[in-house]
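The structure appears below as structure tokens.
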Amino acid sequence: MRSLTAEDGVDALERLEEQPVGAVILDLGLPRLRGEDVGREMAAHHTARNIPIVVVTGSDTAKLNLDDFACVLTKPVTAEALIRAVRNCLRHA
């Protein structure tokens, strides 16, 4: 599996425009543009709306619309749990 990284939410959206990906691992606590906003922007963009999003967060997820994301993991997250979630997303994409 190859991965790309982004410094913040704005950088993540710019990278998605430049480089298509199979899935996104998204932290909700990103600087400059929060993870929830990145998810909304992706959903509104025709080339990114079908990319599954795995949310990894230490924040309270009660206010999240869980239907917007393929999977939500609460920190701390093991590498094995993250890999399982991404593989599951890719199988069901």
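The values are calculated or read from the model by the stated rules, or taken from the named source; none is laboratory data. Computed from a predicted model, the values in this text were never measured in an experiment. Cβ atoms come from the backbone with ideal geometry, glycine included; neighbour counts cover every protein chain shown.
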Query - Contacts under 7 angstrom Cβ, first residue in the range 3-14 being without any contact (Cβ under 8 Å) to a residue 60 or more places away in the chain, partner among the polar types (S, T, N, Q) and surrounded by 11 or more Cβ atoms within 10 Å (Cβ to Cβ), 6 or more apart - result: none
Query raised in the report: Condition test on residue 32, is it surrounded by fewer than 11 Cβ atoms within 10 Å (Cβ to Cβ), free of Cβ contacts under 8 Å to residues at least 40 places away in the same chain, basic (Lys, Arg) and farther than 21 Å from residue 67 by Cβ?
Result: no
**Report entry** Residues (within 23 Å of residue 88 (Cβ to Cβ), touching a helix residue (DSSP H, G or I) at 6+ places or on another chain (Cβ under 6 Å) and crowded, with 16+ Cβ neighbours inside 10 Å) located in the range 4-29
**Finding:** 6, 12, 23, 26, 27, 28
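For the range 59-77, enumerate the residues that are more than 11 Å from the chain's Cα centre (by Cα) and at pLDDT below 90. Spell out how you get there, then give the answer.
Pass one, the range 59-77, residues more than 11 Å from the chain's Cα centre (by Cα): 59-67, 74-77.
Correct list: 59, 60, 61, 62, 63, 64, 65, 66, 67.
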Report summary line: Within the range 51-82, the residues that are out of contact with any Pro (no Cβ under 7 Å at 6 or more places or on another chain), in contact (Cβ under 8 Å) with a residue 12 or more places away in the chain and among the aliphatic types (A, V, I, L, M) are 51, 53, 54, 55, 56, 64, 72, 73, 77, 82
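Looking only at the range 45-57, how many residues end up being touching a Ser or Thr at 6+ places or on another chain (Cβ under 7 Å) and either surrounded by fewer than 13 Cβ atoms within 10 Å (Cβ to Cβ) or closer than 12 Å to residue 16 by Cα (or both)? Lay out the reasoning, then the answer.
Filtering the range 45-57 down to residues touching a Ser or Thr at 6+ places or on another chain (Cβ under 7 Å) leaves 57.
Within this subset, residues satisfying the condition of being either surrounded by fewer than 13 Cβ atoms within 10 Å (Cβ to Cβ) or closer than 12 Å to residue 16 by Cα (or both) are none.
Here the count works out to 0.
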